[in-house]
Every structure is written in structure tokens, then in C-alpha cells.
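J.: Take a look at this one; I'll ask things after.
All of the numbers you see were taken from the coordinates with simple rules; none came from a lab. Quick caveat, the model's predicted, so the values are computed rather than measured. Cβ atoms come from the backbone with ideal geometry, glycine included; neighbour counts cover every protein chain shown.
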Amino acid sequence: MSDPTTTHQAEEDVRNESILIYINGRIRPKSEALVSVYDSGFMLGDGVWEGMRLHDGSWAFLDEHIERLFTAAKAIDLELGLTRKEVENALLETQKANGMVTDAHARLMVTRGVKSHPFQHPSLSRSGPTMVIIMEHSKPNIPRPVRLATVPHLRGLPMTQDPKLNSHSKLNCILACIAAEKAGADEALMLDVHGFVNTTNACNFFIVRKGQVWTSTGDYCMNGITRQKVIDLCRANDIPVYERNFTLVDTYSADEAFLTGTFGAQTPVGTIDGRQIGNGRMGPMTECLRGLYKDLVAP
């Protein structure tokens, strides 16, 4: 078996040892960037987050990421205490403090804040939200197409834990990833509650069949910004694209498969459940969409 890889694998960069991190309006060295053990994010996974990429001085699709953050915060009744412009300014302030111009990844996290006692009720979070921005030098280094394994963990119903939310509560996806690793794969392919192919534990999932691009209906997956950009690019370039239900049988016989996400953009899939997809390498449609997406994110 070849070495394991991940969809968030990056080149090692020694500069990340001395990064500066934003916490509640202050920029702190990495060694001093600490939050309370009473913080509701640490205690209960009570919070939401966004991941963003810096390309040649510009944050890709920044307005859409910030809008999604505020939408998620409202969904869990979390008041950020900042305007959209203030959140953007905090991101730019952190970027400036770190002297970053390209190939950087930011994880912007907001929790319900420090609790007065170590219990669940949200009313115990009385000090206001905690906002953290971790920004690293991060150049993707995914050396080969990834291997997927189907796992028993499902992407659930909106009234259990809405899979569209970028929430801190990721245990279901973590358990899925562990199951995939134990099966000898890099990442988990997760089905929806009806048994249709849905997404992976960390990325949105696409297949290519006879020149058509298929992805899930979107009912049970993260509302990925890169996912939507790929759909939009297909439509703008007369590439047939369908958001639809499809099965593992459809998937195993696909000509290509790829993942989408803010970090890796479009990552080719080589095998699923030990079955080679296409020729096991990046296919022409994936390569085409990569080129179109690269042009789209260019400032």
C-alpha cells in the first residue's frame, strides 16, 4: 500500500512555527494563542467556522464565505457581535500581521464563548463569543489521486445535525474518516439516509460519466462554495452537470471522480472500495475543470 495522503495535505513550511493568531481582537504569537478550557467550542463543539484560501493577494470568494459564516451563526442562534465588514477587517489584519500574500489558508472559528459552568445549556455562555483566526502558509501537496472507502456513517437529516452547517461538531465525519483509514483508504465516502452517494467526510464529491458531471442533490451535504463554483463553471461552459441521486453502482463504473473543497480545489480520486476509477489518474474533465477554476480564482 502506498503512503496515506489526505485532501488537506500541504507542503511543510517552517514559517508556520512563528505565525500570529487572531483571538477576540488581539493578534498573539502561536505559543500564546490560548482559549479557556471553559470555552463552549472546546467543551461541546458549539460553534461554526469557515476555511478560506489566499491567492495572489486576494481571498477567494470572500463575500460568500463571510455570508455563509453569518448564515450558520444565525442558524444556531449565535450572535457574532461583529458586522460582516468587521469580520473581513479581522481577516485582513491577521493577513497583514503575518505578511502573507499567497498560498495561505485561514480557518476562522466562532464559538458561543466561555461558559460559567461545565454544562450544556447555552445560557451558561455569558461572556460573548470567541473568535479565532488561524492563518498558515499552506501550499497543497497531494501527491496522487486519493483512495476512498464507503463507510457506514451517514450524512444525516437536517433535524438531527444539519450537514449543511460548518459546525465545530464534526465527530460523525471524524469517525467516518477513521473507518476509511482502517479500511486502507485516505478518506470516507459517505451515503445519505436513502443510501445514495453523497459526500466524503471532508469534501464534496463528483463523478464523470460519458461526458456528464454528476454530484449529489445537495440535500445532505455541506453547501460547498467550491462545489457550487464547479457546477456554475460546467453550466457556463456547456458541460452537462446534474445534481441528482446516484448509487455506488453508478460510482464504481464512472470514468472519473473528484473531490472539491476550499483547500484542494479539485482533487482526483483513484480508487473507491478498491475499485479503480477510470485509469486511476486525473481524468480530462477534472483537468479541464481545474483549469477553469484556476482562471476563476485569479485576481
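J.: Pairs LYS115/LYS139; LYS115/LYS229; LYS115/LYS182; LYS85/LYS164; LYS30/LYS294: which exceed 28 Å Cα-Cα? Intermediate results must be reported in sequence, preceding the final value.
T.: On the way: LYS115/LYS139 36 Å; LYS115/LYS229 38 Å; LYS115/LYS182 36 Å; LYS85/LYS164 24 Å; LYS30/LYS294 31 Å.
With Cα atoms farther than 28 Å apart: LYS115/LYS139; LYS115/LYS229; LYS115/LYS182; LYS30/LYS294.
J.: Suppose we flag trypsin sites (Lys or Arg not before Pro) only when DSSP calls them loop and at most 13 other Cβ atoms lie within 10 Å. Which is the longest uninterrupted stretch of the chain?
T.: On the way: sites that count: ARG126, LYS210, ARG244.
With trypsin sites (Lys or Arg not before Pro) excluded where exposed in loops, the chain gives 1-125 as its longest stretch.
J.: Once phi is turned into θ = phi - 60°, what whole-Hz ³J(HN,Hα) does the Karplus curve with 6.51, -1.76 and 1.60 give for every residue of segment 47-59, x standing for Gly and Pro?
T.: x, 9, 8, 9, x, 9, 10, 9, 10, 6, x, 10, 7
J.: Related question: Going by how many other Cβ atoms sit within 10 Å of their own, how do SER253, SER40, SER216, SER167 line up, fewest first?
T.: The order, fewest Cβ neighbours first, is SER253, SER167, SER216, SER40.
J.: Rounded to the nearest 500, what is the chain's calculated 222 nm mean residue ellipticity when only DSSP H runs of at least 4 contribute -39500 (n - 2.57) each, over all residues? Could you put the intermediate results ahead of the total?
T.: Details: 8 runs with 81 residues, N = 299.
Computed ellipticity for the chain at 222 nm equals -8000 deg cm²/dmol.
J.: Right, something else. With springs connecting C-alpha atoms under 10 Å apart, model the chain as a Gaussian network and identify which of GLU32, GLU67, GLU287 has the largest mean-square fluctuation.
T.: Of GLU32, GLU67, GLU287, the Gaussian network model singles out GLU32 as fluctuating most.
J.: Using the Karplus curve 6.51 cos²θ - 1.76 cosθ + 1.60 with θ = phi - 60°, what ³J(HN,Hα) values do you get for each residue of segment 276-285, in whole Hz, with x for Gly and Pro?
T.: Residue by residue, segment 276-285 yields 5, 9, x, 9, x, 10, 4, x, x, 5 Hz.
J.: Rounded to the nearest whole Å³, what is the per residue volume of the convex hull around the Cα atoms of segment 146-297? If you can, show how the numbers build up before the last one.
T.: Working: hull volume 15.0 nm³, N = 152.
Enclosed volume per residue, from the Cα hull, is 99 Å³.
J.: Another question, if that's okay. Taking the number of other C-beta atoms within 10 Å as the exposure measure, put THR271, THR6, THR160 in order starting with the fewest. Kindly include the intermediate steps, with their values, before the conclusion.
T.: Details: THR271 19, THR6 16, THR160 10.
Lowest to highest Cβ neighbour count: THR160, THR6, THR271.
J.: Taking 0.36 nm per intervening residue step and subtracting the Cα-Cα distance, what contour gain separates VAL35 from VAL249 on full extension? Provide the component values of the computation, followed by the final result.
T.: Working: separation 214, 0.36 × 214 = 77.04 nm, distance 4.66 nm.
The VAL35-VAL249 span can extend by a further 72.4 nm.
J.: Computed from the coordinates I sent, percent of Cα pairs over 32 Å apart equals one of (i) 31; (ii) 27; (iii) 37. Tell me the label.
T.: Here percent of Cα pairs over 32 Å apart agrees with entry (ii).
J.: Which of LEU259, LEU92, LEU189, LEU233 has the fewest other C-beta atoms within 10 Å, and how do the rest follow up to the most? Walk me through the intermediate numbers first.
T.: On the way: LEU259 28, LEU92 12, LEU189 24, LEU233 19.
Arranged by neighbour count, lowest to highest, LEU259, LEU92, LEU189, LEU233 become LEU92, LEU233, LEU189, LEU259.
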